[in-house]
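As structure tokens, the structure follows; a few thoughts come after it.
The values are calculated or read from the model by the stated rules, or taken from the named source; none is laboratory data. Every value quoted in this text rests on a predicted model; they were computed, and no experiment measured them. So basically every Cβ, Gly included, is an ideal-geometry build from the backbone, and we count neighbours across all protein chains shown.
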Protein chains: 2
Amino acid sequence: MSAPPLPKALAFDVFGTVVDWRTSVTRESAAFLAAIGRSDIDAAAFADAWRGQYIAAMIGMRKSGRDFVPLDVLHREMLEAALRERAIDPASLDEELLADWNRAWHRLDPWPDTVAGLTRLKERLPIVTLSNGNVALLLAMARRAGLPWDAILGADVSGAYKPDPRAYLRTAELLGIAPGELCLVAAHHGDLTAARACGLQTAYVDRPDEYGGAPAPDAHYEQTWEWSASSLTELADMLGC
Amino acid sequence: MSAPPLPKALAFDVFGTVVDWRTSVTRESAAFLAAIGRSDIDAAAFADAWRGQYIAAMIGMRKSGRDFVPLDVLHREMLEAALRERAIDPASLDEELLADWNRAWHRLDPWPDTVAGLTRLKERLPIVTLSNGNVALLLAMARRAGLPWDAILGADVSGAYKPDPRAYLRTAELLGIAPGELCLVAAHHGDLTAARACGLQTAYVDRPDEYGGAPAPDAHYEQTWEWSASSLTELADMLGC
């Protein structure tokens, strides 16, 4: 098989692909659970419950015709739901504590290969976000973690959440390139499937620890992608960066 | 007078404030005019004629109700008009040459203090663009010139050209902050006046060479701004960066 043509830009899924949300949200939630005197609650299970509502929230946004709201708002709703599931009334908690807990998603740590991989890839190609995260969240995350994005694009710039085709197509449009000249880099087969349906190139990065060793919920979408790597530094090798 | 509160983010006008469009477009146009055998045309006057249609084009976009188009498209229309003014039929020229000439705006050089100033300011505060340039243009410019933006925002993200209030207000909204927590940095009194009317803080940077020594077209909007500096490095000093 001949090598696919080099894309003109790389667009990255962020949660799970670039950063390890589960370890970070578990660590943050453990501290907040301790602060409210509920160290008896398992913090990793709490992180899973919080994130676990994510796909349903995306689908719900789309199906209900609800006006677009940034992910920070959805995260807050999902946090309150996760608390209520554990019989904790969010209204009984301090507002500033809740707001700061919600910003745990602004303070996610990169995977060990992320900064080195992005830095090498950026030498050759523009690197942008194509995330359901909002600009404020992604910007705070990038400054804290040292992620060297050329531009932060995504849900609240395109006004659509992945896997809505508008999220992928608007990103290519903003970059002034054809969909086939843009490559999505993601650890999620479902995301890559939607990108391919829009004509984008696709690069899979394996992140077996994203769900703490549990299987990925979209594993059944697995296909052969243009590139498949075990890290962003390996992807840089493959792209000659 | 007490010092104004430090903003939470800095948003930069780009053309004239961060980059020296006139010197760069003159240099590029001289090369393209030579390529079409018209070195008799004064390249600096050509650059001024090209840029000179800019404010009218912005006002025209807004008043005509024309659907939003990226600045790359307006630049192309303005280039063709500048050629026709000199009795050159754009249709007689090679399409690839015209497209490349139009991308002169992607290849603008920064002012001498720009990269050092932005780098220092970024240490303390998020730095983003608030430009009428489109994402593709600003991204190419940033990669070539080494401009270390945290995020590229502006006209085709907000869907509005400055001085439309939506351009300023949408930038603050995307950053998750109040208008009064955002400071526009610009060399243009008209731009700063519109930003102040939206509640933004304002920082003026003097760029006396922007128009080759000719007076700025918006000099009559001059006011006392929260900050006023002769360079981005001086602004960094003022903000304690």
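When you look at A:Glu77, is it part of a helix (DSSP H, G or I), among the acidic types (Asp, Glu) and over 25 Å from A:Ser158 (Cβ atoms), yes or no?
no
Please go through region A:22-42 and give me each residue that is in contact with a Leu (Cβ under 7 Å, 6 or more places away or on another chain) and surrounded by fewer than 19 Cβ atoms within 10 Å (Cβ to Cβ), ordered by number.
Those that are in contact with a Leu (Cβ under 7 Å, 6 or more places away or on another chain) and surrounded by fewer than 19 Cβ atoms within 10 Å (Cβ to Cβ): A:Ala35, A:Ile36, A:Ser39, A:Ile41.
Just a yes or no: is a residue in region B:2-12 charged (D, E, K, R), closer than 24 Å to B:Glu210 by Cα and either within 14 Å of chain A (Cβ to nearest Cβ) or part of a strand (DSSP E or B) (or both)?
For region B:2-12, residues charged (D, E, K, R), closer than 24 Å to B:Glu210 by Cα and either within 14 Å of chain A (Cβ to nearest Cβ) or part of a strand (DSSP E or B) (or both): absent.
Give all pairs with beta carbons closer than 6 Å in which a residue from region A:6-33 that is closer than 20 Å to A:Thr233 by Cβ meets a residue that is among the basic types (Lys, Arg) and in a loop (DSSP other than H, G, I, E, B); count only pairs at least 6 apart in sequence or on separate chains.
Note: pairs meeting the criteria are A:Gly16/A:Arg207.
When region A:82-98 is examined, which residues are found to be assigned to a helix (DSSP H, G or I) and either free of Cβ contacts under 8 Å to residues at least 12 places away in the same chain or touching a Pro at 6+ places or on another chain (Cβ under 9 Å) (or both)?
Across region A:82-98, the qualifying residues are A:Leu83, A:Arg84, A:Pro90, A:Ala91, A:Ser92, A:Glu95, A:Glu96, A:Leu98.
Any residue at all in region B:47-64 that is over 30 Å from B:Gly159 (Cβ atoms) and either surrounded by fewer than 17 Cβ atoms within 10 Å (Cβ to Cβ) or basic (Lys, Arg) (or both)?
Within region B:47-64 (the criterion being over 30 Å from B:Gly159 (Cβ atoms) and either surrounded by fewer than 17 Cβ atoms within 10 Å (Cβ to Cβ) or basic (Lys, Arg) (or both)), the answer is no, since none of the residues qualifies.
Could you look through region A:101-130, keep only residues that are acidic (Asp, Glu) and more than 14 Å from every other protein chain (Cβ to nearest Cβ), and pick out the one that is surrounded by the most Cβ atoms within 10 Å (Cβ to Cβ)?
Only one residue fits best here, namely A:Asp113.
Please verify whether region B:114-121 includes one or more residues that are touching a Cys at 6+ places or on another chain (Cβ under 6 Å), of a type in the set (D, E, K, R), assigned to a helix (DSSP H, G or I) and under 22 Å from A:Ala142 (Cβ atoms).
yes
Filter region B:161-188 down to residues that are surrounded by fewer than 18 Cβ atoms within 10 Å (Cβ to Cβ) and farther than 21 Å from A:Val69 by Cβ and give me whichever is farthest from the chain's Cα centre (by Cα).
That would be B:Gly180.
For (1) touching an Asp or Glu at 6+ places or on another chain (Cβ under 9 Å); (2) of a type outside the set (A, V, I, L, M), each residue gets a yes or a no:
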position	(1), (2)
B:Pro126	yes, yes
B:Leu137	yes, no
B:Ala145	yes, no
B:Ile177	no, no
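Quick one: A:Gly133 ticks every box in (1) closer than 27 Å to A:Ala44 by Cα; (2) out of contact with any helix residue (DSSP H, G or I) (no Cβ under 9 Å at 6 or more places or on another chain); (3) touching a residue at least 24 places away in the same chain (Cβ under 8 Å); (4) within 14 Å of chain B (Cβ to nearest Cβ) bar one, so which box is it?
All conditions are met except number (2).
Hey, which of the strands (runs of 3 or more DSSP E) in region A:180-241, taking only ones fully inside, have at least 3 residues that are at pLDDT 95 or above and of a type outside the set (A, V, I, L, M, F, W, C)?
In region A:180-241, A:201-205 are the strands (runs of 3 or more DSSP E) which contain 3 or more residues that are at pLDDT 95 or above and of a type outside the set (A, V, I, L, M, F, W, C).
Go through region B:173-187 and report how many residues are in contact (Cβ under 8 Å) with a residue 60 or more places away in the chain and either of a type in the set (Ser, Thr, Tyr) or within 14 Å of another protein chain (Cβ to nearest Cβ) (or both).
4
Have a look at B:Ala57, B:Ala44 and point out the one that is within 23 Å of the chain's Cα centre (by Cα) and at pLDDT below 95.
From the options B:Ala57, B:Ala44, the qualifying one is B:Ala57.
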